[in-house]
C-alpha cells in the first residue's frame, strides 16, 4: 500500500495513484430518485454531470456515482436500469481530473463499467457470485463495506455481541479473500458501513474505534454525511446536517480514517485544511 518511489502510503485507483499522507474526500453523486439525502435532485444526467464537476472543483479527491439507492428500506433495481443511469454520466466525465468511483454490487455492472471508472464501491463487499472475479484483473480500487442484512431490512433489528470486533473481522476476511483472488493490497479500502445494519449505539461505538479498524493497515473509508445518527445528535433534518456531518468527518479522520465520503465537499475540505495546517506544524523541541 505504499508508493514504491517514495515509500509513502498510497492507494492504486485505476488511472491514479492517490497519496494517503492526508485524508481524502469522496464526493457523492446520487443518480437515483430515492436516495435519503437528495433523492431525485441529480437523476437527470445533465444535473448529475454538473454536480460531479462542481464537487471536483470544490476539492473532491474522488467522485462516487451511484445508480441504485441503498438507504434503509430501498428497493433494488435491475442491472439494466442501473447502467442506464450511470452510462450517460460516465460518458461525459472522462476528463474530470479525479478518480471516478462507481457504487454498485452487481458483477454485470462492474464488468460493463470497468474501463470507465477507477474504483468500485460495493456495500455488499463483493460477496455476490462472480464479483471478485469481475474486478480482479483490473486496476480499479475496491471498497469493501460491512452491512448486516440487506437494504430493505437491515435496520429492523441489528444485533452484535461486539460490533467493533465483528465488523473488523468481517472486513479483514473480505480483504483476505480479495488477496487470494490476486488483488493487490494497495487497491483495497474498507468501510465499516455506518447505518447499514447498525443502531445509533453501534454507530457511535464504531466511530469511537475507527483506529481499531485501521490497525491491520487497510485504509478506512467512513461515510457519515447527513445520516440519521447526525440528525439524532443535532436534532436537524436531513437537509440541515452540514455542520454535524463535517464535525463527524473530522472526528473520523482524527481517529484514523483516510477517506471521508461526503455530500458537502467544500465545507469538509475547509475543515480538513484547517486540521492539516495545525497538525503539520513541527512542534519545537522541549526546553
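FYI, it's all coordinate maths here, none of it is from the lab. Computed from a predicted model, the values in this text were never measured in an experiment. All Cβ positions, even for glycine, are placed from backbone atoms using ideal geometry, and neighbour counts span all protein chains on display.
Below, the figures for the structure above:
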{"item": "Likely footprinting exposure, 194, 144, 170, fewest C-beta neighbours within 10 Å first", "result": "170, 194, 144"}
{"item": "Neighbour-count ranking [beta-carbon atoms within 10 angstrom, fewest first] of 154, 233, 110", "result": "233, 154, 110"}
{"item": "Cα-based radius of gyration of the range 149-191 once divided by 2.2 N^0.38 Å, which approximates compact folds", "result": "1.43"}
{"item": "Where labels lie 7 Å past Cα in the beta-carbon direction, separation of residue 17 and residue 204 in nm", "result": "4.4 nm"}
{"item": "The chain: most fluctuating residue of 195, 169, 244 per GNM, C-alpha cutoff 10 Å", "result": "169"}
{"item": "Gaussian network model of the chain, springs between alpha carbon atoms under 10 Å - residue of 267, 277, 60 with greatest fluctuation", "result": "277"}
{"item": "Relative contact order (%) - criterion: Cα under 8 Å, at least six apart; region: the range 21-276", "result": "19 percent"}
{"item": "Where only alpha carbons of the range 162-228 are counted, the Rg and the Dmax (Å)", "result": "12.3, 37"}
{"item": "Modelled FRET efficiency - R0 30 Å, residue 279 with residue 111, Cβ distances, 0.05 increments", "result": "0.15"}
{"item": "Computed [θ] at 222 nm, helices only, for the chain once each DSSP H run of length n ≥ 4 contributes -39500 (n - 2.57)", "result": "-11000 deg cm²/dmol"}
{"item": "Footprinting exposure proxy for 103, 115, 186 (fewest neighbouring C-beta atoms within 10 Å first)", "result": "115, 186, 103"}
{"item": "Peptide ranges 64-71, 26-33 listed from the most packed, as the mean C-beta count within 10 angstrom indicates", "result": "26-33, 64-71"}
{"item": "Antiparallel bridge percentage (DSSP; both residues within the chain; nearest 5)", "result": "15 percent"}
{"item": "The range 72-99-the range 210-253 distance, computed between alpha-carbon centres (Å)", "result": "24 Å"}
{"item": "Using distinct alpha-carbon pairs, which all enter the 1/r mean, Kirkwood radius of the range 28-116 in Å", "result": "13.0 Å"}
